[in-house]
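Trainee: Would you mind keeping the following structure in view while I ask a few things?
The values are calculated or read from the model by the stated rules, or taken from the named source; none is laboratory data. Keep in mind that what you see is a predicted model, and the values were worked out from it rather than measured. Cβ atoms come from the backbone with ideal geometry, glycine included; neighbour counts cover every protein chain shown.
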Amino acid sequence: MPELPEVETVRRTLEKLVSGKTIESVTVRLPRIVRRPDDPEAFAMLLAGQTIRSIGRRGKFLRFVLDDYVLLSHLRMEGRYGVYPAEEPAENHTHVFFRFTDGLELRYRDVRQFGTMDVFPIGEEWRSEPLHKLGLEPLDESFTVQALRNAIAGRTTKLKPLLLNQEIVAGLGNIYVDEALFAAGLHPERTADSLTRSELNRLHEAIVQTLTDAVNAGGSSIKSYVNGQGEMGMFQQQLNVYGRKGQPCVKCGGPVEKFVLGGRGTHICPACQPVRKRKR
């Protein structure tokens, strides 16, 4: 599933490709992709004639800001966007077409068909699902050590499932939680209330640095992720633990291990991320 760095990379790419373009018409071939309004024809009517003013991101959601509306798009497992000449044949599993007045089309393709789209009047999206419950934005200046401390204070939840909770920190997923915890030297089964002040500082720094490095590398192409121009991300070449079961740790040389925590495959170096008892 695309996480914050991949979605941010798509955002930056699409900002260059489609910002300023006016939507002439919209075609929806798979109605369940569209959640709000729940009528694909109404969805298309709202967007026709609207110009894309900017493209933002909140957590893992893309925000297409138009004249009067905001289109929220979640890529889920394998959703991807691409810009094509309108006359070019569409690939299989292309479900939504945004035709522009200049003859180009923004197309949404999703083999797994889990992606979602919602349209709101501008401003209303912040007060409604799916954005209104999202937690801290980890690449925003508001994501301070104190903000993270306040978000997890007193919680007895294990670190990995806590960081995967989008109501705590928005945008983190399996890859970058594993990488951030390794960088911070913290075992994913540690509980939030067991962290010392210095450990919390390390965790905060590791989250920001890991995500920043991943964005700069264009994200990670682990399975099928590509940006809006069909280009792969390169951060997978910098992964320290994720997907490296049995390989030597980049810090100590010991073997990377994998186990399941909260139903998610989890990668650690047991030497660099020791389990410690809960503080008293």
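Trainee: Only one of Arg32, Arg36, Arg107 is basic (Lys, Arg) and either within 21 Å of Leu211 (Cβ to Cβ) or free of Cβ contacts under 8 Å to residues at least 40 places away in the same chain (or both); which?
Mentor: Being basic (Lys, Arg) and either within 21 Å of Leu211 (Cβ to Cβ) or free of Cβ contacts under 8 Å to residues at least 40 places away in the same chain (or both) holds for just one of Arg32, Arg36, Arg107, which is Arg107.
Trainee: For region 259-271, which residues satisfy the criterion of being buried (at least 20 other Cβ atoms within 10 Å of the Cβ) and touching a Cys at 6+ places or on another chain (Cβ under 9 Å)?
Mentor: Cys269 - this is the single residue of region 259-271 that is buried (at least 20 other Cβ atoms within 10 Å of the Cβ) and touching a Cys at 6+ places or on another chain (Cβ under 9 Å).
Trainee: Can you tell me which residues in region 1-19 are outside any helix (DSSP H, G or I) and charged (D, E, K, R)?
Mentor: Selection gives Glu3 alone.
Trainee: Any residue that is at pLDDT 95 or above, part of a helix (DSSP H, G or I) and more than 30 Å from Asn165 (Cα to Cα) - is there at least one of those in region 31-40?
Mentor: Among the residues of region 31-40, at least one is at pLDDT 95 or above, part of a helix (DSSP H, G or I) and more than 30 Å from Asn165 (Cα to Cα), which makes the answer yes.
Trainee: Further question: Failed condition for Phe120, given (1) loosely packed, with under 14 Cβ neighbours inside 10 Å; (2) at pLDDT 95 or above, with all others met?
Mentor: Condition (1) is where Phe120 drops out.
Trainee: Looking only at region 31-48, which residues are over 14 Å from Val70 (Cα atoms) and either touching a helix residue (DSSP H, G or I) at 6+ places or on another chain (Cβ under 9 Å) or crowded, with 16+ Cβ neighbours inside 10 Å (or both)?
Mentor: Of everything in region 31-48, those that are over 14 Å from Val70 (Cα atoms) and either touching a helix residue (DSSP H, G or I) at 6+ places or on another chain (Cβ under 9 Å) or crowded, with 16+ Cβ neighbours inside 10 Å (or both) turn out to be Pro31, Ile33, Asp38, Asp39, Pro40.
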